[in-house]
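First the structure, in the form of C-alpha cells, and then the observations on it.
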Amino acid sequence: MCIVAASLYYTNQLARKLANEERQNVRQLVEGIKTQYLTDDDIALKYASMVVEQNKTIPLILTNEKDSIVSQRNLDSAKVARDSGYQYAKLREFRSEHDPVVIDYGYGRQHVYYGESYLLKQLRYYPYVQLLIITLFLLIVLIAFTSSHRSIQNQVWVGLSKETAHQLGTPLSSIEAWLELLKDQPENAEPVAEMRKDLDRLKLVAD
C-alpha cells in the first residue's frame, strides 16, 4: 500500500506537470493561430504555421463566439467522418476538463477547447494498473503461501502418525508375547480373550 500510495503521489505530480506543459503548448498554439490570421510577415507566418503543425498529440476544437465548431485537430478522423455528433460530444468533454483559451482578433473572438493527450491519459491510469498488478501478485503469493503451509501441515501429521505407529508397535508386540504366555494357563482364558480383542483393536489403529 505504501508503494501504491507513493506511486499515486509521484504519478499525479508528473501528470500535473505534463498537464501544465500541455496548457502552455495550447497557448503557444493559440498564438500561432492568431498570428496566421493577423500577420503579413512571411517569417512570422512560417513560424506560426510550424507551431500549429507541431501539435500532433493534444486534441482540440476551435469554436466561434456562438460556440459553433469551426475546426478541430487530433480527433479520430474516422469517427468525425462517420458520426456527426462526435465532435460536439468531444466539445462537451473538453469543456468539462479545461477552461477554453480565448483568441481575440480585435474584431472577433474564437475559443479553443482542448483535451488530454494520449500520454497524459496513460499516465493518469498507470497507478491503477500498477495497483491491479500488485493485488494480483499478492493474491498469487497468498495462495502459494497457504498451499505451502497446508502441505507442511500435512507432512507434519503424516510424520507424527508414522512415529506414533512405530512407537506403538514395540509395546504391542511385547503385550502379544505376554498374552501367549498367559494362554498356557486355563484359568486365564476369559481375560486373555478380552485382552486379545483390545490388542487387535490397537494393532488395527497402529496399522
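The values are calculated or read from the model by the stated rules, or taken from the named source; none is laboratory data. Because the structure is a prediction, the values reported are computed rather than measured. Positions of Cβ are backbone-derived with ideal geometry, glycine not excepted, and every protein chain shown enters the neighbour counts.
Below, the figures for the structure above:
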{"quantity": "Pair list, Cβ under 7 Å, 6 or more apart: segment 188-207 residue in contact (Cβ under 8 Å) with a residue 40 or more places away in the chain, other residue in a helix (DSSP H, G or I) and surrounded by 11 or more Cβ atoms within 10 Å (Cβ to Cβ)", "calculated": "ALA206/ALA165; ALA206/LEU168; ALA206/GLY169; ALA206/LEU172"}
{"quantity": "Residue count for segment 40-61, restricted to those that are within 20 Å of ALA19 (Cβ to Cβ) and surrounded by 12 or more Cβ atoms within 10 Å (Cβ to Cβ)", "calculated": "8"}
{"quantity": "Search result, residues across segment 130-163 that are closer than 30 Å to ALA193 by Cα and in contact (Cβ under 8 Å) with a residue 40 or more places away in the chain", "calculated": "none"}
{"quantity": "Of all residues making up segment 36-56, the number that are modelled with pLDDT of 80 or more and in contact with a Leu (Cβ under 9 Å, 6 or more places away or on another chain)", "calculated": "0"}
{"quantity": "Matching residues, segment 58-97, being β-branched (Val, Ile, Thr), more than 21 Å from ARG124 (Cα to Cα) and within 35 Å of the chain's Cα centre (by Cα)", "calculated": "ILE61, VAL80"}
{"quantity": "Cross-chain or 6+ apart pairs with Cβ under 7 Å, segment 101-124 first and touching a residue at least 24 places away in the same chain (Cβ under 8 Å), then surrounded by 12 or more Cβ atoms within 10 Å (Cβ to Cβ) and among the small types (Gly, Ala, Ser)", "calculated": "LEU120/ALA15; LEU120/ALA19; LEU123/ALA15; ARG124/ALA15"}
{"quantity": "Pair list, Cβ < 7 Å and 6+ apart or interchain, from segment 27-52 residues that are on the phi < 0 side of the Ramachandran plot to residues that are buried (at least 16 other Cβ atoms within 10 Å of the Cβ) and not in a helix (DSSP H, G or I)", "calculated": "ARG27/VAL101; LEU29/ASN55; VAL30/VAL101; VAL30/ILE103; VAL30/VAL112; ILE33/ILE103; LYS34/ILE103"}
